[in-house]
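Right, one structure below, let's go through it.
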Amino acid sequence: MRQLLTAILRFLLRHALQFALFIVILLAGRLLLAEWRAYRAGSEAMATLRQASSNAGNHGAGLADAATIRVNALQQASHTAIAARMAQVQAQLTALRAQQQPSLFTIPLPDTNTLAMHAQDEAARRVEIEVLVQEARYLTSLQAAISGEDARHTLARLHAEHVSAYAALQHKLRQRRQLEAQHPVATRLPGSDAYAQLSQLEVESQHLRDINLQAYRAWVAQRARTSTATRPASFAIDNTALAGALAPVQAAIAAGEGQLARNWIARWRAPVLDVAPTAALLVLSAILLPVAIKAFFYFVLAPLASRLPPLSIARELQMAGSSLPLPPHGESRISAVSQALQLNPGQQMLIHPAYLQSSPVSTHKRTQWLLDWRFPFTSLAAGMVALTHLYSDEPASVTVSASDDPLLEVAIVHLPAGSALVFQPRGLVGLICDTGQPLAMSCHWRLGSLHAWLTLQLRFIVFRGPVTLIVRGCRGVRLERAGQGRSISQSATLGFTTDVLYSTLRSETFIPYLRGQQALLNDRFDGDNGVYLYEETPRHGKQPGTVGKWFEGFTDAILKVFGI
């Protein structure tokens, strides 16, 4: 009952977590979709407004040029012509101001093209109104200037008439004073000629006084009506005011830019687009650079290495007539799932504990931490640590087997005295040697060989007999004679005798190498009496992930450099 309740609770909890996860995903998707729609709508609106502003600016420039030419042509026109153009401008302004834009709040909502046309029409209408307003203002000033000029001409004429009337009056007054000075008595006697002349002069003087007064009053009245306005300069469009006509459009653009700036898609779009070409170049480099490097290795370095002389590793250590015993003719497999070994008195066995299947209880066992203290790094890297050290006072049969991996088999390689074997310690699980004698093991560097650099195997480990090596191999281990030349996969090679000439041979096809299905180079062995040792199916642990592959490849390369 308790297990049933626990299972039910787990079931409910799992599906509750799934339900919550689905809610989070849907909300995040809805938010992302809303942000994207807002960004797209804002971007389209901004593009529409910018296009409308640009078109209106160009339209306004064309209208300004036409108005400048038209108005400047009226500089010397008559007052009637200017008044006629002024009436046309006022009529156009009335018509433009009375235009009603179609409503945008209709069902269904207008599309983007309709909104764009509306914005462009409205911007063009505002620009046309501003140009006509400036033209009307200039024409008004021009009318005032022309009217002022006419009034000033009339004032000058009335002033001249007043001066003329005043001069005639003064002339009559001088004649009267002269007559009175010549006939002081006669001018006072009625009926005399002097009196009659004086009366006539009085009537004429009074008439001239009336004319002079009328001329003066007319001049005063005209002076009150005459303005001092001067003719304005040539007409020119006020570009600042013309740009101000588009202020609502610019304000809408600024508001739209502010709204887009708060959209996180817009905030990230520009930085992403800035680095996108570089990222694309890096991706392209990551794709093409390995291909170029592999092509260079395959078509340049590998053929060059194949023409170089082969390597000879410690050939002087191989004594004449000493060689590894080969299997019967036609056979090369020397491994089995388990092997029985005879441990004689005076001999010792160093074996990895995982490969020690059974041994007599009379044998003596202890732990030996390293295979050889002279080569601590090699022992650690090859896994030959914490070994079981066995020896017996009487002959003992010891069985070894790969108990932790069903694909591994164990082979026994007997190295007689005078023989030497170049061997990779990664395939070593144990050995049998004489008690009291150090293990005959040495290392040899080949830093000046292109074969060594291309395979990254700069250091070779050599074991010398007499010694019996216990070797492991996936799906089996084979021992073959080199003869006139043999080629095998590099990853399968376990070792070869020192009387073998070692070189590299380029793989036959490029595409498998490019796809990582085949190594660049294969190992080649030459030598009539030499033999080489390899495992049937090379395997380097389980398949790791991407990072694991990189790390495993790096560590394998390091170990290969040191011949491990």
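Would you say Phe22 is more than 35 Å from the chain's Cα centre (by Cα) and either part of a helix (DSSP H, G or I) or without any contact (Cβ under 8 Å) to a residue 24 or more places away in the chain (or both)?
no
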Study note, to complete from the structure: In the range 2-33, residues that are surrounded by 10 or more Cβ atoms within 10 Å (Cβ to Cβ) and of a type in the set (S, T, N, Q) total 2
Review point. Among the residues of the range 493-540 satisfying the criterion of being more than 41 Å from the chain's Cα centre (by Cα), assigned to a loop (DSSP other than H, G, I, E, B) and β-branched (Val, Ile, Thr), which is surrounded by the most Cβ atoms within 10 Å (Cβ to Cβ)?
Key: Val500
Exercise for review: Mind counting the residues in the range 403-449 that are crowded, with 24+ Cβ neighbours inside 10 Å and of a type in the set (Ser, Thr, Tyr)?
Suggested key: 1
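For the structure I just gave you, tell me whether Leu439 is among the hydrophobic types (A, V, I, L, M, F, W, C), in a loop (DSSP other than H, G, I, E, B) and over 19 Å from Arg333 (Cβ atoms).
Considered against the rule, which asks whether it is among the hydrophobic types (A, V, I, L, M, F, W, C), in a loop (DSSP other than H, G, I, E, B) and over 19 Å from Arg333 (Cβ atoms), Leu439 comes out as yes.
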Review point. Which pairs have Cβ atoms under 9 Å, sit 6 or more apart or on different chains, and link a residue in the range 167-187 that is assigned to a helix (DSSP H, G or I) to one that is of a type in the set (Phe, Trp, Tyr) and surrounded by 12 or more Cβ atoms within 10 Å (Cβ to Cβ)?
Key: Ala186/Tyr195; Thr187/Tyr195
Revision key, fill the gap. Selection from the range 450-480 of residues buried (at least 19 other Cβ atoms within 10 Å of the Cβ) and in contact with a Cys (Cβ under 6 Å, 6 or more places away or on another chain) yields Ile461, Val467
Review point. Do the conditions hold for Arg269, that is, is it charged (D, E, K, R) and under 30 Å from Ile511 (Cα atoms)?
Key: no
Revision key, fill the gap. Residue set Glu149, Glu204; condition modelled with pLDDT under 75, of a type outside the set (Val, Ile, Thr) and surrounded by 12 or more Cβ atoms within 10 Å (Cβ to Cβ); output residue Glu149
Practice item. State which residue pairs qualify: first residue closer than 15 Å to Leu356 by Cα and inside the range 374-389, second residue of a type in the set (D, E, K, R) in any location, beta carbons under 7 Å apart, and separation of 6 or more residues or different chains. Key: Thr388/Lys365; His389/Lys365; His389/Arg366
Point to revise | Residue pairs meeting the criteria (Cβ under 7 Å; at least 6 apart or on separate chains; first assigned by TED's automatic domain parsing to the domain that holds Asp526, in the range 474-497; second in a helix (DSSP H, G or I)) | key: Gln490/Thr455; Leu494/Gly427
Point to revise | the range 81-109 residues that are at pLDDT below 65, paired with ones that are not in a helix (DSSP H, G or I) (beta carbon under 8 Å, 6 or more apart) | key: Leu104/Pro110
Review point. Which residues, taken from the range 168-197, are closer than 26 Å to Ile211 by Cβ and among the basic types (Lys, Arg)?
Key: Lys172, Arg174, Arg176, Arg177
Study note, to complete from the structure: Quick count over the range 36-77, residues being of a type outside the set (Gly, Ala, Ser), surrounded by 16 or more Cβ atoms within 10 Å (Cβ to Cβ) and within 20 Å of Arg137 (Cβ to Cβ), is 4
Exercise for review: Inspect all residues belonging to the range 268-278 and state whether any of them is in a helix (DSSP H, G or I), surrounded by 14 or more Cβ atoms within 10 Å (Cβ to Cβ) and among the β-branched types (Val, Ile, Thr).
Suggested key: no
Review point. Got at least one residue in the range 51-61 being under 17 Å from Ala266 (Cα atoms), at pLDDT 75 or above and out of contact with any strand residue (DSSP E or B) (no Cβ under 7 Å at 6 or more places or on another chain)?
Key: no
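So that you can scan it fast, the table gives a plain yes or no per residue for (1) at pLDDT 70 or above; (2) assigned to a helix (DSSP H, G or I); (3) under 36 Å from the mean Cα position of the chain (by Cα):
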site: Ala215; (1), (2), (3): yes, yes, no
site: Val220; (1), (2), (3): yes, yes, no
site: Arg231; (1), (2), (3): no, no, no
site: Ala251; (1), (2), (3): yes, yes, yes
Check your understanding: Is at least one residue of the range 284-301 among the aliphatic types (A, V, I, L, M), closer than 21 Å to Leu458 by Cβ, in contact (Cβ under 8 Å) with a residue 24 or more places away in the chain and in contact with a strand residue (DSSP E or B) (Cβ under 6 Å, 6 or more places away or on another chain)?
Key -> no
Exercise for review: Quick one: in the range 425-459, of everything that is without any contact (Cβ under 8 Å) to a residue 60 or more places away in the chain and hydrophobic (A, V, I, L, M, F, W, C), which residue is nearest to Tyr534 (Cα to Cα)?
Suggested key: Leu428
Review point. When Ile211 is evaluated against the numbered criteria (1) closer than 24 Å to Arg157 by Cβ; (2) of a type in the set (Val, Ile, Thr); (3) modelled with pLDDT under 75, which criterion, by number, is the only one it fails?
Key: (3)
Point to revise | Qualifying residues in the range 355-383 (those that are part of a loop (DSSP other than H, G, I, E, B) and either in the same structural domain as Gln424 (by TED's automatic domain parsing) or among the hydroxyl-bearing types (Ser, Thr, Tyr) (or both)) - the one farthest from Cys433 (Cα to Cα) | key: Ser362
Exercise for review: Would you be able to say whether some residue in the range 26-42 is of a type outside the set (Lys, Arg) and more than 28 Å from the chain's Cα centre (by Cα)?
Suggested key: yes
Check your understanding: Does the range 332-348 contain at least one residue that is in a loop (DSSP other than H, G, I, E, B), free of Cβ contacts under 8 Å to residues at least 40 places away in the same chain and either more than 28 Å from Val531 (Cβ to Cβ) or among the aliphatic types (A, V, I, L, M) (or both)?
Key -> no
Revision key, fill the gap. Exception for Leu308 within (1) over 50 Å from the mean Cα position of the chain (by Cα); (2) of a type in the set (A, V, I, L, M); (3) not in a helix (DSSP H, G or I) falls at (1)
Review point. Looking only at residues in the range 384-429 that are part of a strand (DSSP E or B) and among the polar types (S, T, N, Q), which one is nearest to the chain's Cα centre (by Cα)?
Key: Ser401
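The values are calculated or read from the model by the stated rules, or taken from the named source; none is laboratory data. Only a predicted model underlies this, so the values are computations on that prediction, with no experimental measurement involved. Here Cβ is always computed from backbone atoms with ideal geometry, including for glycine, and neighbour counts include all displayed protein chains.
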